[in-house]
Amino acid sequence: MTSNRSLPVDELLGPLVQALESHRAVVIEAPPGAGKTTRVPRALLESKLTRESGRGIWVTEPRRLAARLAAGFVARELGSELGGRVGYSVRFEEKSSAETRLWFVTEGVLLRRLLGREGARGIGVVVLDEFHERHVSTDLLLMLLAKRLELDPGLRLVVMSATLDAEAISTHLGGCPRLRCEGRLFPLTIRHESED
């Protein structure tokens, strides 16, 4: 069940995959409703970049509900069962299998993974979604991942937000590429009704 409806972020998907072939990190700026949360992870899943490495994609969401809903939406769009190629892991709940390659997780789940024995082993791309909703764990993840990028040539990082200082994040990540798309405008008509 693939969606043919175009979204503003679609114009960035090709350039994103190309940028990640030659850079370790990319920052994406796109307004709310542009399709970042669902289209970017799916494009990464279907890209040669992750298919050839066999490593997974981990997408952080600031809340458990967002992680579960995004995972379900992307699984449906791919025509697969949740817990197959696309799964999620949040506190006290996980839906995945040996087949899972795209994980939607909360920041705490990824943080525990990176600080544990497994570390980033098996992870090819980390996507920090809704980066503007920063918490201590968000900043800690950015710091840990910046260090891991130096040590692991197969690891990539995508930082996404509707409202973030992209230049500062790009500079922090060694001057990585920044991609930006505009939102979609819809006509608006204002009418005032008389009270009679």
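The values are calculated or read from the model by the stated rules, or taken from the named source; none is laboratory data. Everything numeric here is computed off the predicted structure, so don't read it as measured data. Using ideal geometry, Cβ is built from the backbone for each residue, glycine included, and neighbour counts are taken over all protein chains shown. These accessible areas exclude ligands, DNA and RNA; they are computed on the full protein's heavy atoms, side chains included. Shrake-Rupley method; radii C 1.70, N 1.55, O 1.52, S 1.80 Å.
Can you list the strands (runs of 3 or more DSSP E) lying wholly within region 31-104 that have 1 or more residues being polar (S, T, N, Q), in contact (Cβ under 8 Å) with a residue 40 or more places away in the chain and open to solvent by less than 10 Å² (accessible area, probe 1.4 Å)?
56-61
Checked against the criterion of being part of a helix (DSSP H, G or I), more than 19 Å from residue 17 (Cβ to Cβ), free of Cβ contacts under 8 Å to residues at least 60 places away in the same chain and not β-branched (Val, Ile, Thr), the candidates 134, 113, 117 yield just one match: 113.
Condition check: open to solvent by 30 Å² or more (accessible area, probe 1.4 Å), modelled with pLDDT under 90 and outside any loop (DSSP other than H, G, I, E, B). Does residue 21 satisfy that? Before you say what the answer is, go through the steps one by one.
Numbers: open to solvent by 30 Å² or more (accessible area, probe 1.4 Å): yes; modelled with pLDDT under 90: no; outside any loop (DSSP other than H, G, I, E, B): yes.
Judged against the criteria, residue 21 is not a match.
Residues in region 145-189 that are open to solvent by less than 70 Å² (accessible area, probe 1.4 Å), under 19 Å from residue 20 (Cβ atoms) and in a helix (DSSP H, G or I): 145, 146, 149, 166, 169, 170.
Residue-wise test of (1) out of contact with any helix residue (DSSP H, G or I) (no Cβ under 9 Å at 6 or more places or on another chain); (2) at pLDDT below 95.
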site	(1), (2)
9	no, yes
26	no, no
31	yes, yes
41	no, no
49	no, yes
53	yes, yes
74	no, no
86	no, no
91	no, yes
